[in-house]
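Asks: The structure under discussion is supplied below as structure tokens; questions concerning it will follow.
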Amino acid sequence: MGYRVVAALFDLVVAGTICYPFFHFWGRYNETDNNYQVTGLPALALMFSTWAYWVLTEWLFGASVGKLICDLRVVSLAGQKCSLGQSIKRNVLRAVDFFPFYLTGFIAAKLNPLHQRLGDQWAKTLVVKKDRKALPEASGEIHQTSA
């Protein structure tokens, strides 16, 4: 679980980097809330590009930037590469797992023997260390090898 937390922090930095141009070019300063807001089409593009970051990197490379840095990979329960459909499913529920501040996903993963957040459970995926090729329970090492 510790590796996943560190990977999530790296990914939040990447997501923030993706967000910056949207706020810089299309954001408006709201004096009441003392922050920048993006609305309309740029807001939709911002949400889509941020979501696409996770979907595409996990599908194409088997991991987001944060997971790559932490030597983690997203795999199917059978140990196969994460498919596009699985990546979409696990990331559709990212908003639920993220609320508030990834607390829901963290609790779900702590309570699950395979350390799956809700998105992983629906997509039938696991986050494992890079060198792990098979489902951890197949070797009886669920708690020792799951990330």
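The values are calculated or read from the model by the stated rules, or taken from the named source; none is laboratory data. For clarity, every value in this text was computed on a predicted model and none was experimentally measured. Here the Cβ is made from the backbone with ideal geometry for all residues, glycine too, and neighbour counts use every protein chain on show.
Asks: Looking at region 103-117 only, could you name the residues that are crowded, with 19+ Cβ neighbours inside 10 Å and assigned to a helix (DSSP H, G or I)?
Replies: Of everything in region 103-117, those that are crowded, with 19+ Cβ neighbours inside 10 Å and assigned to a helix (DSSP H, G or I) turn out to be Gly105, Ala108, Ala109.
Asks: Next up: State whether the residues of region 8-26 include one that is closer than 16 Å to Tyr102 by Cα, charged (D, E, K, R), crowded, with 17+ Cβ neighbours inside 10 Å and in contact (Cβ under 8 Å) with a residue 12 or more places away in the chain.
Replies: yes
Asks: State all residues of region 60-102 that are farther than 19 Å from Met1 by Cβ, of a type in the set (D, E, K, R) and in a helix (DSSP H, G or I); if no residue qualifies, say none.
Replies: Across region 60-102, the qualifying residue is only Lys89.
Asks: Hey, another quick one. Looking at the structure I just gave you, is Thr50 at pLDDT 90 or above and either part of a helix (DSSP H, G or I) or loosely packed, with under 14 Cβ neighbours inside 10 Å (or both)?
Replies: yes
Asks: Which residues, taken from region 29-40, are at pLDDT 90 or above and either surrounded by 10 or more Cβ atoms within 10 Å (Cβ to Cβ) or in a loop (DSSP other than H, G, I, E, B) (or both)?
Replies: Gln37, Val38, Thr39, listed by residue number.
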